[in-house]
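The structure under discussion appears below in the form of structure tokens.
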Amino acid sequence: QGHLVESGGGLVQAGGSLRLSCGTSERAGSKYAMGWFRRAPGKEREFVAGISWSDHNTDYADSVKGRWTTSRDNAAVYLQMNSLKPEDTAVYYCAAKRITATHPALTGGVYLSDYEYDYWGQGTQVTVSP
């Protein structure tokens, strides 16, 4: 089972940057595709960025493409958030999808829908002032 803890949120002015981290405590042998989602006040949770277990393929929401980058290592997944805008204000969540396939062609997927994920962090607040 995955155990996810986000960190790195905070208050920044528009145009600033933050780097979120999502530490993982996974059992040996577990494989996870990872994703970042956000929920802004009064809005539904939406996909922000995702990264695959193998090959570290990535995908991004159009609203953040070109501004943000997600990456991962053996211990955590990261979200580098540059050129922040007030509309980026939200609670940000990392999520993990358990990958059970073993064929390489089936382990490099990026998952865009929240219902595809199995484990979630508690969320970290990002607030961007005008």
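Within segment 55-63, is even one residue touching a residue at least 12 places away in the same chain (Cβ under 8 Å) and closer than 19 Å to GLY10 by Cα?
Looking through segment 55-63, none of the residues is touching a residue at least 12 places away in the same chain (Cβ under 8 Å) and closer than 19 Å to GLY10 by Cα.
Could you list, in sequence order, all residues of segment 62-84 that are buried (at least 16 other Cβ atoms within 10 Å of the Cβ) and more than 21 Å from VAL5 (Cα to Cα)?
Within segment 62-84, VAL64, LEU84 qualify.
So is THR70 more than 10 Å from the chain's Cα centre (by Cα) and modelled with pLDDT of 95 or more or not?
When the stated conditions are applied, THR70 does not pass them.
Read through the list (1) farther than 15 Å from GLY123 by Cα; (2) among the basic types (Lys, Arg); (3) open to solvent by 60 Å² or more (accessible area, probe 1.4 Å), then give the number of the only condition that ARG39 fails.
With (1) farther than 15 Å from GLY123 by Cα; (2) among the basic types (Lys, Arg); (3) open to solvent by 60 Å² or more (accessible area, probe 1.4 Å) applied to ARG39, the lone miss is (1).
Condition first: more than 16 Å from the chain's Cα centre (by Cα) and open to solvent by 20 Å² or more (accessible area, probe 1.4 Å). Can you find one or more residues in segment 111-118 that meet it?
Step one: filter segment 111-118 for residues more than 16 Å from the chain's Cα centre (by Cα), giving none.
Looking for residues that are more than 16 Å from the chain's Cα centre (by Cα) and open to solvent by 20 Å² or more (accessible area, probe 1.4 Å), one finds none in segment 111-118, hence no.
The values are calculated or read from the model by the stated rules, or taken from the named source; none is laboratory data. Remember, predicted model here, so these are calculated numbers, not experimental data. Quick reminder, even Gly has a Cβ in these numbers, built from the backbone with ideal geometry, and neighbours come from all protein chains shown. The accessibility values were calculated without ligands, DNA or RNA, using every heavy atom of the protein model including side chains. Shrake-Rupley method; radii C 1.70, N 1.55, O 1.52, S 1.80 Å.
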